[in-house]
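Only one structure is covered here, and it is reproduced in the block below.
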Amino acid sequence: MTSRRVIISGMGVLTPTANNTPDFTDALREGRSGIQRLQSFDVGDSPYPNGGELKAFDPGETLTRLEMKRLDRASLMVLVATQEALKMSQLDIDMVDLNRVGICLGTTLGGMVSAGQYYRVLKNKHKHYSSKLLDYPLHSAGSHVSVKYGITGPNIAISTACSSGNVAIGYGSEFIRSGASDIMIVGGFDPMSEFTWSGFGSLRNVSPDVCRPFDKNRKGLLLGEGAGILILENLDHCQQRGGHVLAEFLGYGMSSDAYHMTAPDIAGRGSAQAMIQAIHVGGLQPTDIDYVSAHGTGTHYNDLIETRAIKKALGDHAFNIPVSSIKSMIGHTLGACGAIEAIASILSINHGFIPPTINYETPDPQCDLDYVPNKARQCNINNVLSNNLGFGGNNCSIVISKFKE
Amino acid sequence: MNHRLVVTGIGLVSPLGHGPDVFMENLSSGKTGIGPIERFSTDKYKAKTAGELISFDISDFTATLKHKRLPRISQYALASALLAVSDAKLKINNVNASKIGLFFGTWHGAIECTEAIHAALLEKGFRNVEPSIFQESSFNAPISHISINLKITGPSIALPLGVASGSYAIRMAMDYLQTGLIDVAVVGAADEHTEIVHDAFESLRVLSQGKSGEEVSRPFDKNRNGLVLSEGGAFFVIEKLQGAKYRDAKIYGELAGVSIASDAYMATNNNPNGRGIYLTINQLLNQTGISKSSIDCILAAASSTQNLDLLEARGIIQALSGYAADIPVTSIKGALGESGGASSIFNVITALMMLRTNQIPPICNYYTPDPEFSLNIVSGRLKEKRLNNILVNDCFFGGTYASILVQREGVS
């Protein structure tokens, strides 16, 4: 029995540095930063005023007024990114069996922005702005995609904090491997919100200025917002319809730290377990990995632990390959990060460059890998390991490859 | 790979009692878990009842003091997961921990924490957001606690899919058991009932209005007029049949399949023609290979709303055609109310317990048939019937559906 191969035939992206995939390619190559003082809400005199928001995002450019009615920002992002992804895949959605198409998206917030508006009106005006609740559920963005395209396969929402995006991609791929679906629209999304901004601020692991993953003087993460959508497809199905293959999804691994709610396991065992499993399930050896797209949030602990875990998973080979974090440029997009980083990985493979870790000034002796400081690097890469680490929760790593027949 | 998957341990905390035996006894004897709301004043609400867990004390389930400070949803999840794992006599150690997965469904998540953060932002500003409350507000926080407590290092995944969450968590667990990523799955769901949800649902006009518990939640009844919300937690342990036999574990029954689908109708509504349930039942029959005539009973999703109960009835009739008129149909939500994510798990647990008793509990508060559809509703008293195959349905607002086949082990 031949195993079904899962490939990516389309991508759509919204990030703090680009509103579509071609612009995102340029932004990654240039090392462009999307970080500035937050505008979506008043940050006042907060010590953490910065983050990554979408620029000039105009859903009206791609969606009709009727489609946009009563939709939360999160759903708007998902619909716009999905439209780009489907267009790129050249899939004629009317010609496929819609029972065999499904949706699997990761998010931490869903329509939390609208829920916050509901709450304000409730407390300030004692009125129920109930329509604001209709797009709050975390699976709602996926429902909109399902309705727009007539998709009657599964619509699944995943919420595992920072690993939501990778888990959604991974679980989505299972529907294709098992033969249940031919196409899965997968990825993740999260809007900028005062809710998460204040929450992470309270944890005191937010940077006061820029995000410097792996740098000795790193001060913490910066939040970002965005959406990443990938069209996963059964290879045979794609080739039979004359579609093109952007890259192959080889596999993924997951683990739980099971250690402590607030204190991370500094040996990085859980994170390493997820990476090792991803490589193994992908049918590769650690030495086949050419580039690691790190979770690299810029917090003291993440970057330290991830470095240890990468060494555990790849052995000495960790010192031979580039490891970079695009969160340095776009911030931590939470539920979206796995998907956006997967897309960046595919762009790296297909355009032959490694995106840099920007804002890197001072090496940390405890983080001694090659983090591709500040400037993108031309490089022919075949296999990328992309990590999502989740303290106290679920880690998920994925492996994406250049497509070979 | 098609492994046979069985349930080997059950745990729950509910308004109908804690633990599956007490739950089943109360359900079968027609008791209700719904009563006047005690947690907050209902003076300004028309809907005054809910299924609350007032007599729940986490220290009955875990000796760890800090668990007392957890949000209720995490307490319900932790208590029921611990009960389930203990019931399964599952020993977790360094050797098997990475091959055990945790799958969790929830509708609202830690809604009290979420509200507290919004309140802090509105009333006092961002500096007053509490870090511990923020950490507990994430949808996977309840299973972080479970994985830490039980030292489970396999995947731990939360699926926020409303009322259907539990079914989707079961489906995910079964998918990973089939691929061999895990050998054992601890699957469950939990939700907490709060005033802000009650208030919001009343403003959306989906709650039933009446004074006493007996009058208000009446699945399929002609005069049904809305939901009664409730809360709780429920978990069970699923593993491969050969693994269960090797461990000499107690086997409650088999999960023969879970089918999931969407109706692609409206994100804020469900297709009234019942297409969603029609799809899931049909797919389930194909998936499991069982015939329509083999279905002995249907445990409906019906939760006492005009539109969802009707569309489910239509879907059942379309999918099962000639057999639909004869297969006994019941719903536990008359007695339990709508407990959100946990409802699917409570339903599957009920089905598993029914395999032992061969008795179908009647729908609580069902008096008047709805002329819009003709189903064989079990009402009034327990119905005795040899049960081998029980179909369990799930449907959620916005077009999300699931159907599950619970089977007596050894029949297929």
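Readers should treat all values here as calculations from the given coordinates under stated rules, not as data from a laboratory. Computed from a prediction, not measured in an experiment: that's the story for all the values here. Heads up, the Cβs are rebuilt from the backbone with ideal geometry, glycines too, and the neighbour counts pull from every protein chain shown.
For region A:273-389, what number results from the quotient of the Cα radius of gyration and 2.2 N^0.38 Å? Write out the running numbers ahead of the final one.
Working: Rg = 12.9 Å, N = 117, 2.2 N^0.38 = 13.4 Å.
Working it through for region A:273-389, the quotient is 0.96.
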Compute, for the protein assembly as shown, the length of the dipole vector about the Cα centre, with Cβ point charges of +1 (Lys, Arg) and -1 (Asp, Glu) only. Units Debye, rounded to 20. 680
Furthest towards positive pole of dipole, B:ALA335, B:ALA302, B:ILE345, structure part region B:243-345, Cβ charges: B:ILE345
Asserting the computed 222 nm helical MRE of chain B (DSSP H runs at least 4 long, -39500 (n - 2.57) per run, divided by residue count, to nearest 500) equals -10000 deg cm²/dmol
In whole Å, how far is the Cα centre of region A:288-314 from that of region B:92-110? 24
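Could you state the orientation-averaged shadow area of the convex hull built on the Cα atoms of chain A, in nm² to one decimal? Working shown, then result.
Values: hull surface 75.4 nm².
That works out to 18.8 nm².
With r as the distance between the Cβ atoms of A:GLU361 and B:GLN287 and R0 = 51 Å, compute the FRET efficiency 1/(1 + (r/R0)^6) and round to 0.05. Walk me through the numbers before you get to the answer.
On the way: r = 57 Å, r/R0 = 1.11.
Taking R0 as 51 Å, the efficiency between B:GLN287 and A:GLU361 is 0.35.
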Picking from B:LEU70, B:ALA84, B:ALA97, whose Cα lies most toward the positive end of the charge dipole for region B:60-100 (charges on Cβ: Lys, Arg +1; Asp, Glu -1)? B:LEU70
Rounded to two decimals, the Debye log10 I(q)/I(0) of region B:282-412 (Cα scatterers, no solvent) at q = 0.20, 0.23 Å⁻¹ is -1.27, -1.78
Along the charge dipole of the protein assembly as shown, Cβ charges K/R +1 and D/E -1, which of A:ALA294, B:ILE360, B:PRO219 sits furthest on the positive end? B:ILE360
Counting only C-alpha contacts under 8 Å and six or more residues apart, can you give the relative contact order of chain A as a whole percent? 23
Could you tell me the ratio Rg/Rh of region B:1-95? Both radii from Cα atoms, Rh via Kirkwood. 1.07
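Given a Förster radius of 51 Å and the C-beta distance between A:ARG4 and A:HIS300 as r, what FRET efficiency does 1/(1 + (r/R0)^6) yield to the nearest 0.05? Spell out each step's value before the answer.
Details: r = 42 Å, r/R0 = 0.83.
Calculated value: 0.75.
Divide, for region B:159-317, the radius of gyration over alpha carbons by 2.2 N^0.38 Å, where N is the residue count.
1.20
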What would the Debye equation give as log₁₀ I(q)/I(0) for region A:246-290 at q = 0.17, 0.32 Å⁻¹, counting only Cα atoms as equal point scatterers? -0.55, -1.11
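Give me the percent relative contact order of chain B, please, defined on Cα pairs under 8 angstrom at least 6 residues apart.
Values: 1059 pairs, mean separation 94.8, N = 412.
23 percent.
Using alpha carbon coordinates only, what is the Rg to Rh ratio of region B:40-80, with Rh defined as the Kirkwood radius? Before the final figure, lay out each step's value.
Working: Rg = 13.4 Å, Rh = 12.0 Å.
That ratio is 1.12, to two decimals.
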So how far apart, in nm, are the two label points at A:GLN39 and A:THR262 if each is 7 Å from Cα heading toward Cβ? 3.7
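Average projected area of the Cα convex hull of region A:144-283, in nm²? All intermediate terms of the calculation are to be shown ahead of the outcome.
Numbers: hull surface 45.7 nm².
With the hull built on Cα positions only, its mean projection is 11.4 nm².
When the Kirkwood hydrodynamic radius is evaluated over all pairs of different C-alpha atoms of region A:224-330, what value in angstrom, to one decimal, is obtained? Walk me through the numbers before you get to the answer.
Details: mean 1/r = 0.0633 Å⁻¹.
Evaluated over region A:224-330, this radius sits at 15.8 Å.
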At each listed q (0.11 Å⁻¹), what is the log10 of I(q)/I(0) that the Debye formula gives for region B:46-190 modelled as equal alpha-carbon point scatterers? -0.46
If I take the Cα coordinates of the protein assembly as shown and project them onto the principal axes, what are the three extents in Å, biggest first? 75, 62, 54
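How big is the charge dipole of region A:249-317 about its Cα centre, in debye rounded to the nearest 20, if each Lys and Arg gets +1 on its Cβ and each Asp and Glu gets -1 on its Cβ?
Numbers: 4 positive and 7 negative charges, 29 e Å.
Once rounded to the nearest 20, the dipole reads 140 debye.
So how strong a dipole does region B:262-392 carry about its Cα centre when Lys and Arg Cβ are +1 and Asp and Glu Cβ are -1, to the nearest 20 debye? Intermediate values should be presented prior to the final figure.
Working: 9 positive and 9 negative charges, 73 e Å.
Using only the charged Cβ atoms, the result is roughly 340 debye.
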Counting just the Cα atoms, what span does region A:81-199 cover along each of its three principal axes? Round to the nearest Å and put the largest first. 50, 28, 23
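I need the semi-axes of the equivalent ellipsoid of chain B: take the C-alpha gyration tensor, multiply each eigenvalue by 5, square-root it, list largest first in whole angstrom. Display every interim value, and only then the final one.
On the way: eigenvalues 175, 155, 71 Å².
Semi-axes (√(5λ), whole Å): 30, 28, 19.
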What is the distance, in nm, between label points placed 7 Å from the Cα along the Cα-to-Cβ direction at A:HIS244 and at B:ASP57? 6.8
Round to a whole angstrom and tell me the spacing of the C-alpha centers of region B:336-412 and region A:332-388. 51
Quick one: Karplus J couplings for region A:298-305, per residue in order, coefficients 6.51, -1.76, 1.60, θ = phi - 60°, nearest Hz, x for Gly and Pro? x, 8, 3, 6, 4, 5, 5, 5
